[in-house]
Every structure is written in structure tokens, then in C-alpha cells.
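Participant: Got a structure for you, written out below as C-alpha cells; questions coming shortly.
The values are calculated or read from the model by the stated rules, or taken from the named source; none is laboratory data. Since the structure is predicted, the reported quantities are computational estimates derived from the model, not experimental observations. Using ideal geometry, Cβ is built from the backbone for each residue, glycine included, and neighbour counts are taken over all protein chains shown. Heads up: the accessible areas ignore ligands, DNA and RNA and are worked out on the full protein's heavy atoms, side chains in. Shrake-Rupley method; radii C 1.70, N 1.55, O 1.52, S 1.80 Å.
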Amino acid sequence: MTDLFTALRTPVALAEHAQVLPGFAADLADALHTAILEISATAPFRRMVTQRGHAMSVAMTSSGSAGWVSDRSGYRYTPADPETGAPWPAMPELFRKLAQAGAATSGFVDFAPDTCLINRYDPGAKMGLHQDRDEADFAQPIVSISLGLPAVFVFGGLTRTGPTRKVTLYSGDVVVWGGASRLAFHGIDALKPGTDPLCGPHRYNLTFRKAL
Ligand code: MD3
Ligand code: FE
């Protein structure tokens, strides 16, 4: 399972200012999983609806001083969970430190995320090609951490219709997106069923952003 890049912890460039840090978070997988379960005990995973009223296949929750929300009125960041009215759970120090370390390894020093969106994929769940443009400052990078079942990540360029590349993301992989890649189109193919020793039938993805 462990490939040479993972074993040697060699960063893999995907595009300009986009690199995978294979296995960067692997030693912390257990602690990350425990933290996800704790957060979702307070702010449960839910399938949000798009502006057009379609339920997304990916279930989501957030931690931090802001959380990403989608409903019939659109996408935005909110200080509280609309399902409960309570503030989003605090971002665990482990999350913040790991995201900062990943960003710094990729050349983004002083990354100060205020939100961690947690995506949960069950078999068949997918995310269509999109850009992340709900944040205030596109000069800030996005750091992603994958946990559980592997998934095929699709990334393209700055237009929806250009060529795409596919790369499999494994549990423990960290990806940092900044600079020219910050507004690249990207998505996730339908999750193949399987059983991960830690996460069972799920894939989780944490994305760290400075939203506000
Ligand atoms: C490339 N999540 O939550 S993470 C998302 O695996 C999202 O759940 C995917 O796309 C997931 O918005 C992909 C990798 C990722 C995250 C943000 C990016 C790639 C990105 C922002 C710009 C370009
Ligand atoms: Fe995205």
C-alpha cells in the first residue's frame, strides 16, 4: 500500500503552488479521527442543499469561528451551526497546528485558518468540478487532509472546460493549494466502497481556510 513517495515523504507537485505531502498526517490519523467524532457529536454531519434545492451527496460539518453553509439562499460562512443555533465547535489545536505545519512546508508561513470544513464521503458520494470562492482573500492558501478510504481527486485549470488530471488521495495525505492554483477547478469522483481500518466505510476530508 505504502508507495515510494509516501515512504520517503517526498512532496509531489500537482501544479504551480499545489503540492501533495504524502502521508504528512499519517501518524496523527487516530487523533484526527477521534477529533472528528467529537466535533460531529456537537455539530452533526448533514447533507446540505444547493441553491437549487438538491441534497449534496457529501455530508458536512465544521469547526472554528466560522463554518461553511449551503442552503436555498446560497453558500456562505456562518458563526453558528444553523441546525442547532450553537457556535461551531472550536477548532482543535491539533487541527490548527497540522494545517499550519503543512502550509509552512509548502512555503505559506503564518497561515491562520479560522475554519475547518469536514466532508464525509460514503460509497457513491462525489463532488462535481467547482472553484472555492466563498473566502475573502484568495491570497490565503487552502490546506486539505484526507482520512480513511482513498478517493480520486480531479483537478483542472482556471476554466471549467479545460483539461483535467486525476490523482488518488490516500489516508494521511495533505495537499496545499495556493497562488495560481487557489482558484483551480477541482472535484472528487464517486467514492468506491471499501473498509478502512480506522474509518470503516468512510472517507473524510478536512479543508482549512481563512474564510473571513
Ligand atoms: C484545489 N473538497 O471542500 S480537497 C471542498 O476531498 C473540496 O473533499 C475536496 O473541494 C474533498 O471544497 C477536495 C482538495 C482541495 C481543496 C480546496 C481546493 C483542492 C483545491 C481549492 C482550490 C484548488
Ligand atoms: Fe473545493
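Participant: Within the stretch 201-210, identify whether any single residue is within 22 Å of Ala26 (Cα to Cα), touching a residue at least 40 places away in the same chain (Cβ under 8 Å), charged (D, E, K, R) and within 12 Å of ligand 2 (Cβ to nearest atom), and answer yes or no. Don't jump to the end; show me each part of the working.
Facilitator: So the first thing to find is which residues in the stretch 201-210 are within 22 Å of Ala26 (Cα to Cα), and the list is 201-209.
Among the residues that remain, those that are also touching a residue at least 40 places away in the same chain (Cβ under 8 Å) are: 201-209.
Filter once more, so that each one left must be charged (D, E, K, R): 203, 209.
Subset that is within 12 Å of ligand 2 (Cβ to nearest atom): 209.
Yes, that holds for at least one residue.
Participant: OK, next. Can you tell me how many residues within the stretch 109-138 are surrounded by fewer than 21 Cβ atoms within 10 Å (Cβ to Cβ) and away from ligand 1 (no atom under 13 Å from the Cβ)?
Facilitator: Residues in the stretch 109-138 being surrounded by fewer than 21 Cβ atoms within 10 Å (Cβ to Cβ) and away from ligand 1 (no atom under 13 Å from the Cβ): 8 in total.
Participant: Now for a different question. So which residues in the stretch 68-91 are part of a loop (DSSP other than H, G, I, E, B) and acidic (Asp, Glu)?
Facilitator: Asp81, Glu83, listed by residue number.
Participant: For Thr159, state whether it is among the hydroxyl-bearing types (Ser, Thr, Tyr), within 15 Å of ligand 2 (Cβ to nearest atom) and without any contact (Cβ under 8 Å) to a residue 60 or more places away in the chain.
Facilitator: Details: among the hydroxyl-bearing types (Ser, Thr, Tyr): yes; within 15 Å of ligand 2 (Cβ to nearest atom): no; without any contact (Cβ under 8 Å) to a residue 60 or more places away in the chain: yes.
Judged against the criteria, Thr159 is not a match.
Participant: While we're looking at this one, here's another question. Could you check the stretch 1-40 and list, in sequence order, the residues that are farther than 18 Å from Leu147 by Cα and among the small types (Gly, Ala, Ser)?
Facilitator: Ala13, Ala15, Ala18
Participant: For Leu147, are the conditions met, namely being within 13 Å of ligand 2 (Cβ to nearest atom), of a type in the set (A, V, I, L, M, F, W, C), within 20 Å of Leu98 (Cβ to Cβ) and within 14 Å of the chain's Cα centre (by Cα)? Before you say what the answer is, go through the steps one by one.
Facilitator: Numbers: within 13 Å of ligand 2 (Cβ to nearest atom): no; of a type in the set (A, V, I, L, M, F, W, C): yes; within 20 Å of Leu98 (Cβ to Cβ): yes; within 14 Å of the chain's Cα centre (by Cα): yes.
Taking the combined requirement at face value, the residue does not satisfy it.
Participant: Moving to a separate point now. Need at least 3 residues that are not hydrophobic (A, V, I, L, M, F, W, C) per element, so show me which strands (runs of 3 or more DSSP E) inside the stretch 1-67 make the cut, counting only ones lying wholly within it. Let's see the steps before the verdict.
Facilitator: Details: elements: 12-15, 18-21, 59-64.
Of the strands (runs of 3 or more DSSP E) lying wholly inside the stretch 1-67, those with at least 3 residues that are not hydrophobic (A, V, I, L, M, F, W, C) span 59-64.
Participant: Which pairs do you get when a residue that is within 22 Å of Arg9 (Cβ to Cβ), found in the stretch 163-189, comes within reach of a residue that is within 15 Å of ligand 2 (Cβ to nearest atom) and charged (D, E, K, R), reach meaning Cβ atoms under 9 angstrom, with the pair 6+ apart or on two chains?
Facilitator: That search, which allows pairs on different chains as well, returns Leu169/Arg203; Ser171/Arg203; Trp177/Asp132.
Participant: Still on this model: Find the residue count for the stretch 107-139, including only residues that are touching a residue at least 60 places away in the same chain (Cβ under 8 Å) and near ligand 2 (Cβ under 10 Å from one of its atoms).
Facilitator: Of the residues in the stretch 107-139, 5 are touching a residue at least 60 places away in the same chain (Cβ under 8 Å) and near ligand 2 (Cβ under 10 Å from one of its atoms).
Participant: Could I ask something else about it? Exactly one condition in (1) touching a Gly at 6+ places or on another chain (Cβ under 9 Å); (2) open to solvent by less than 30 Å² (accessible area, probe 1.4 Å) is false for Ala15; which is it?
Facilitator: Looking at each condition in turn, Ala15 falls short on (2).
Participant: Something else now. Would you tally the residues in the stretch 61-106 being farther than 18 Å from Ile145 by Cα, among the aliphatic types (A, V, I, L, M) and in contact with a helix residue (DSSP H, G or I) (Cβ under 8 Å, 6 or more places away or on another chain)?
Facilitator: 1
Participant: For the stretch 144-211, give me every one of the strands (runs of 3 or more DSSP E) that falls completely inside it and has 2 or more residues that are more than 11 Å from ligand 1 (Cβ to nearest atom) and open to solvent by 10 Å² or more (accessible area, probe 1.4 Å).
Facilitator: Working: elements: 151-155, 165-169, 174-177, 186-188, 203-209.
Those strands (runs of 3 or more DSSP E) span 165-169.
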